[in-house]
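First comes the structure, then the notes that go with it.
The values are calculated or read from the model by the stated rules, or taken from the named source; none is laboratory data. Because the structure is predicted, anything quoted here is derived from the model rather than measured. Methodologically, a virtual Cβ is constructed for each residue, glycine included, from the backbone with ideal geometry; neighbour enumeration extends over all protein chains shown. With ligands, DNA and RNA removed, areas are computed over all heavy atoms of the protein, side chains included. Shrake-Rupley method; radii C 1.70, N 1.55, O 1.52, S 1.80 Å.
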Amino acid sequence: MSKVVDAATTVPRWAVKALRGLTGATDQRPDVGAELRERTGGRGPDVCIEAVGQEAHTHGPEYLYDKVKQQLRLENDRPIAIREAIMSCRKGGSVFSLGVFAGLVDKFPLGALMNKGLTLRGAQQHGQRYLPMLLGRIANGEITTSHLATHVMSLDDGPRGYDMFKNKKDGCVRAVFQP
């Protein structure tokens, strides 16, 4: 039996995933790895997909460590989500990184990747290839995206909308601006 578990850690994203019928790993407990092990009988998921990239957020010392190193220009990205995916995945499993990373990261769990025999793949969405097909499916009503636009605003409200999105205010998942 297949299950999709979304490990979003911000309350606005919990609301969106509830609309999409996804199960949340972090709704009640912030330790994603422990929750995933519990749900899989101690094994861990067969596949982990990291789709956040350099914008990953968490609480605790890892986040502070990465944030300080970023500000000192000693690393470019915060690889919190990819670390968590590698550490949570079962032995022999697969980890996919779809998030955007710009450069160097620190504390990458290469030993865990090797010792668990994980397959690691990375890619970004190929916009030139898929965008026309996706826009066509949206136009035909096959794919809905209305749940992603939590705040529709005028262009004049741009600074306020950006602040809401950046600081996760008022449940803002995505601000959309109309002329």
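For the range 44-63, enumerate the residues that are surrounded by fewer than 18 Cβ atoms within 10 Å (Cβ to Cβ), modelled with pLDDT of 80 or more and over 17 Å from the mean Cα position of the chain (by Cα). Of everything in the range 44-63, just one residue is surrounded by fewer than 18 Cβ atoms within 10 Å (Cβ to Cβ), modelled with pLDDT of 80 or more and over 17 Å from the mean Cα position of the chain (by Cα), namely ASP46. Looking at the range 120-138, can you tell me whether even one residue there is within 24 Å of TYR63 (Cβ to Cβ) and hydrophobic (A, V, I, L, M, F, W, C)? Yes - at least one qualifying residue is present in the range 120-138.
In the list GLY171, GLY158, GLY99, GLY141, which residue meets the criterion of being within 30 Å of GLN71 (Cβ to Cβ) and more than 23 Å from the chain's Cα centre (by Cα)? Even if it seems obvious, please write down each step before you answer.
Numbers: GLY171 fails: more than 23 Å from the chain's Cα centre (by Cα); GLY99 fails: more than 23 Å from the chain's Cα centre (by Cα); GLY141 fails: within 30 Å of GLN71 (Cβ to Cβ).
Step by step, each of GLY171, GLY158, GLY99, GLY141 is checked, and only GLY158 is within 30 Å of GLN71 (Cβ to Cβ) and more than 23 Å from the chain's Cα centre (by Cα).
When the range 112-134 is filtered for residues that are under 18 Å from SER94 (Cβ atoms) and assigned to a helix (DSSP H, G or I), the ones remaining, listed by number, are ALA112, LEU113, MET114, ASN115.
Among VAL176, VAL95, which is the only one that is modelled with pLDDT of 90 or more, more than 30 Å from GLY33 (Cβ to Cβ) and of a type outside the set (Gly, Ala, Ser)?
On the way: VAL95 fails: more than 30 Å from GLY33 (Cβ to Cβ).
One residue alone meets the criteria, VAL176.
Condition check: in a loop (DSSP other than H, G, I, E, B), among the charged types (D, E, K, R), open to solvent by 80 Å² or more (accessible area, probe 1.4 Å) and closer than 21 Å to GLY117 by Cβ. Does ARG37 satisfy that?
So ARG37 fails the test.
Scoring ALA81 on the criteria (1) at pLDDT 80 or above; (2) more than 21 Å from VAL173 (Cα to Cα) leaves a single failure, condition (2). For ILE138, the conditions (1) open to solvent by 80 Å² or more (accessible area, probe 1.4 Å); (2) part of a helix (DSSP H, G or I); (3) farther than 28 Å from ALA85 by Cβ all hold with the exception of (1). Every listed requirement among (1) touching a strand residue (DSSP E or B) at 6+ places or on another chain (Cβ under 6 Å); (2) open to solvent by less than 90 Å² (accessible area, probe 1.4 Å); (3) within 25 Å of VAL47 (Cβ to Cβ) is met by ASP77 save one, (1). The conditions of being at pLDDT 85 or above, within 18 Å of the chain's Cα centre (by Cα) and within 16 Å of ARG174 (Cβ to Cβ) are met by THR150. A count restricted to the range 165-179 and to residues that are open to solvent by 100 Å² or more (accessible area, probe 1.4 Å) and outside any loop (DSSP other than H, G, I, E, B) stands at 3. The numbered conditions (1) open to solvent by 90 Å² or more (accessible area, probe 1.4 Å); (2) farther than 24 Å from ARG37 by Cα are all true for ARG121 except (2).
Restricting attention to the range 149-172, the residues that are closer than 20 Å to VAL52 by Cα and touching a strand residue (DSSP E or B) at 6+ places or on another chain (Cβ under 8 Å) total 6.
For PHE101, state whether it is surrounded by 14 or more Cβ atoms within 10 Å (Cβ to Cβ), of a type in the set (Phe, Trp, Tyr) and at pLDDT 85 or above. Show your work before the answer.
On the way: surrounded by 14 or more Cβ atoms within 10 Å (Cβ to Cβ): yes; of a type in the set (Phe, Trp, Tyr): yes; at pLDDT 85 or above: no.
Judged against the criteria, PHE101 is not a match.
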